[in-house]
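In what follows, a structure is listed as structure tokens, so that the remarks can point back to it.
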Amino acid sequence: MDSYEKELQDIAKEFDSFDENLKNAMRSSPMLLGQRRMQYGSYEERLTFGNKIMIGGDTDNLIDFGHIVFVAPKGLEALYEKLGSKRLDGCMEYRVCHTDADPDADPDPTSPIKPEDVKECAKAFKHAEQAQEWKLARNLNLRNGSTVPSRLTSSQQIK
């Protein structure tokens, strides 16, 4: 589908000059190429609607959820966003908790944080009197309202 990807790049260059009716028709057509990671490093490609494709982001998110969602090819992110694709990182929910009292505790669902908050959280733990362990869980919030948990929950002891 390399030639089709080239066609999409040409469309991306001219998209802003298109008539609004054409843009709306494109949004409601399964014309965008989505790529999903399969087993053993292979990829599945499919033509689908913009709102069914995610725009890639954080490497860890792509590793954990790349087998579930179709992702826009690199270089076409702006076009895909204009045609209804959402950013994968924007659909992530992060939760963190201290695990001092209960090392098997799940991350607290009442503590949503963003990835950049993790660094600040780690700094605060480093200044604590004693070593503290924390867990970070990532969930992908899907358009249909369901949530897919990451296969891994990060756990780290800091001190």
- Note on the structure: If amide H atoms are modeled at 1.01 Å from N in the peptide plane, then the residues at a separation of 5 or more from ILE53, or on another chain, having amide H under 5 Å from its own are LYS86
- Item | Inter-probe distance in nm under a simple model that places probes 7 Å from Cα toward Cβ, at LYS13 and LEU47 | 2.2
- Message: Using each residue's phi in region 54-70, evaluate 6.51 cos²θ - 1.76 cosθ + 1.60 at θ = phi - 60° and report the 3J(HN,Hα) Karplus result to the nearest Hz, with x for Gly and Pro.
- Response: 9, 9, x, x, 3, 4, 4, 5, 5, 5, 6, 10, x, 8, 9, 10, 8
- Note on the structure: From most to least accessible, 1.4 Å probe, no ligand or DNA/RNA atoms counted, TYR40, TYR80, TYR4 line up as TYR40, TYR4, TYR80
- Note on the structure: Phi-derived 3J(HN,Hα) across region 15-29 with the Karplus relation (6.51, -1.76, 1.60, θ = phi - 60°), rounded Hz, x for Gly and Pro, is 3, 5, 8, 6, 4, 4, 5, 5, 4, 5, 5, 5, 5, 9, 10
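The values are calculated or read from the model by the stated rules, or taken from the named source; none is laboratory data. Quantities reported herein were computed from a predicted structural model and do not represent experimental measurements. Virtual Cβ from ideal backbone geometry, glycine too; neighbours counted across all protein chains shown. To get the accessible areas, we keep the full protein, side chains included, count just its heavy atoms, and leave off ligands, DNA and RNA. Shrake-Rupley method; radii C 1.70, N 1.55, O 1.52, S 1.80 Å.
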